[in-house]
1. When Lys and Arg each count +1 and Asp and Glu each count -1, what net charge do the other residues less than 12 Å away from residue 109, Cβ to Cβ, add up to?
2. Show me, for segment 26-32, the HN-Hα J-couplings you get by feeding each phi into the Karplus relation (A = 6.51, B = -1.76, C = 1.60, θ = phi - 60°), rounded to Hz, glycine and proline as x.
3. Give the label of the value calculated from the structure for Rg and Dmax of the Cα atoms in Å, choosing from (1) 14.9, 44; (2) 16.7, 50; (3) 13.4, 47.
4. Compactness ratio of segment 1-64: Cα Rg over 2.2 N^0.38 Å, N = residue count?
5. Around residue 53, under 9 Å between beta carbons, what's the net of Lys plus Arg minus Asp minus Glu among the other residues?
6. Rounded to the nearest 5, what % of the DSSP beta bridges within segment 14-125 are antiparallel ones?
7. Cβ under 9 Å from residue 120's Cβ, residue 120 left aside: what net charge do those residues give with Lys, Arg +1 and Asp, Glu -1?
8. List the relative contact order of the chain as a percent without decimals, with contacts defined as Cα pairs under 8 Å and 6+ residues apart.
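The numbers here are math on the coordinates, done by the rules we state, and not lab data. Computed from a predicted model, the values in this text were never measured in an experiment. With ideal geometry, Cβ positions are generated from the backbone for all residues, glycine too; neighbour counts draw on all protein chains shown.
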Amino acid sequence: MTAPRLLVHRHVRRSPGHLTAERVHGELAPGMPSLSPATIYATLELLDELGIVRRLSTPGGTTVYDPRTEAHHHAICRRCGRIEDIEAPVDAAAAEAAAGAAGFQVDHGELQLSGLCADCAAQPG
């Protein structure tokens, strides 16, 4: 583990919310100007592979990283991109069985809901 990777790991684990690679770079680069965006991306991918963060693809195509790895779901605002963690039991057995029947070996599943957050829903438009 290199010093830059350790810095990224600590930063993400201390974050209270979802982070993009660009945001991590923007928050860390002032203190370590030699930290490259490529290092940030590679480290976040490694942390995802190791199960230390969860990679989340949003409907708008943005990839975010979630420091919470325990089971939970997400509500994503389709207008502003806000992401909220959702705590709710979901029985995914039927979906997992269907995926298995299609030849997939499921190792992770989550529910993503999209719509408008309270702030965006209150705006005309």
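1. On the way: positive: 54; negative: 91, 96, 107, 110.
My count for the surroundings of residue 109 gives -3.
2. 3J(HN,Hα) across segment 26-32, in whole Hz: x, 7, 9, 4, x, x, 8.
3. Matching entry in (1) 14.9, 44; (2) 16.7, 50; (3) 13.4, 47: (2).
4. Numbers: Rg = 11.1 Å, N = 64, 2.2 N^0.38 = 10.7 Å.
Cα-based Rg divided by the globular estimate yields 1.04.
5. Values: positive: 13, 54, 55, 68; negative: 48, 66.
Net charge around residue 53: +2.
6. On the way: 9 of 13 bridges.
The answer is about 70 percent antiparallel.
7. On the way: positive: 78, 79, 82; negative: 119.
Spelling it out: positives minus negatives among the neighbours equals +2.
8. Details: 141 pairs, mean separation 24.9, N = 125.
Result for the chain is 20 percent.
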